[in-house]
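All remarks here apply to the structure that follows.
The values are calculated or read from the model by the stated rules, or taken from the named source; none is laboratory data. Computed from a predicted model, the values in this text were never measured in an experiment. Every residue, glycine among them, receives a Cβ derived from its backbone with ideal geometry; neighbour counts consider all protein chains shown. Calculation scope for accessible area: heavy atoms of the full protein, side chains included, ligands and nucleic acids excluded. Shrake-Rupley method; radii C 1.70, N 1.55, O 1.52, S 1.80 Å.
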Amino acid sequence: MITVRVPHKNKEAFNLYAHGNFIDSAYDEERGSLFVSDRGVVVLDYNYRPHRRAYIVCPSDEAEFIKSVYLPNVREKVALISAVYGRRIDLLRTAVFNIESLAGKEAYDFPILFWQEVSCLLDSFDGKRSGTVKTNLMILCRRFGRKF
């Protein structure tokens, strides 16, 4: 299980955006929104003033061989599938948008290997071209369960 508290925009030291297949959510006027995911992958996008970071994580009990860490505003320890910095964050955002348009929210329930391969496509960015083009993501979605 992953519990993420998303604070109000510009109210704390950072802004947080969470993407996943959430089973429950709650809203508090003072503290922000609370999202709960009981399985699958969650993509967290942190924006600090001087820099930004994004993480692809899953519950630590689903991935025993992947390093588990605590992240800000996440209650439980999570398995860190990928950490993304710089320009790759924009590529990850676009990839998540395209994956959701291809496979819907069920993409977050795809095996961890799917998200590791997405991470490898992000790492193939050479400054000009990225491997996270929609055709590559479509091939991955087909291979891991989504039929077109």
Check your understanding: Inside region 115-148, can you point out the residues that are of a type in the set (Val, Ile, Thr), modelled with pLDDT under 85 and open to solvent by less than 40 Å² (accessible area, probe 1.4 Å)?
Key -> THR132
Practice item. Quick one: in region 18-65, of everything that is over 12 Å from VAL6 (Cβ atoms) and basic (Lys, Arg), which residue is modelled with the highest pLDDT? Key: ARG53
Review point. Among the listed residues LYS67, LYS134, which satisfies the condition of being over 30 Å from LYS11 (Cβ atoms), basic (Lys, Arg) and without any contact (Cβ under 8 Å) to a residue 24 or more places away in the chain?
Key: LYS67
Point to revise | All positions within region 1-40 that are of a type in the set (S, T, N, Q), in a strand (DSSP E or B), in contact with a Ser or Thr (Cβ under 9 Å, 6 or more places away or on another chain) and open to solvent by less than 70 Å² (accessible area, probe 1.4 Å) | key: THR3, SER33, SER37
Point to revise | Long-range neighbours under 9 Å by Cβ, at least six apart or interchain, first residue in a helix (DSSP H, G or I) within region 81-105, second aromatic (Phe, Trp, Tyr) and surrounded by fewer than 18 Cβ atoms within 10 Å (Cβ to Cβ) | key: ARG87/PHE125; ARG88/PHE125; LEU91/PHE125; ARG93/TYR17; LEU102/PHE148; ALA103/PHE144
Check your understanding: Could you say which residue among TYR27, TYR17, TYR48 is among the aromatic types (Phe, Trp, Tyr) and closer than 27 Å to MET138 by Cα?
Key -> TYR17
Practice item. Output the residue which, of all residues in region 80-90 that are over 12 Å from the mean Cα position of the chain (by Cα) and under 13 Å from ILE56 (Cα atoms), is most open to solvent (accessible area, probe 1.4 Å). Key: TYR85
Review point. Taking the stated definitions as given, is VAL43 touching a His at 6+ places or on another chain (Cβ under 7 Å), within 24 Å of LYS11 (Cα to Cα) and in contact (Cβ under 8 Å) with a residue 24 or more places away in the chain?
Key: yes
Exercise for review: Return yes or no: is TYR70 open to solvent by 10 Å² or more (accessible area, probe 1.4 Å), within 21 Å of PRO7 (Cβ to Cβ) and of a type in the set (Ser, Thr, Tyr)?
Suggested key: yes
Practice item. Evaluate region 34-56: report whether one residue or more is acidic (Asp, Glu) and within 16 Å of the chain's Cα centre (by Cα). Key: yes
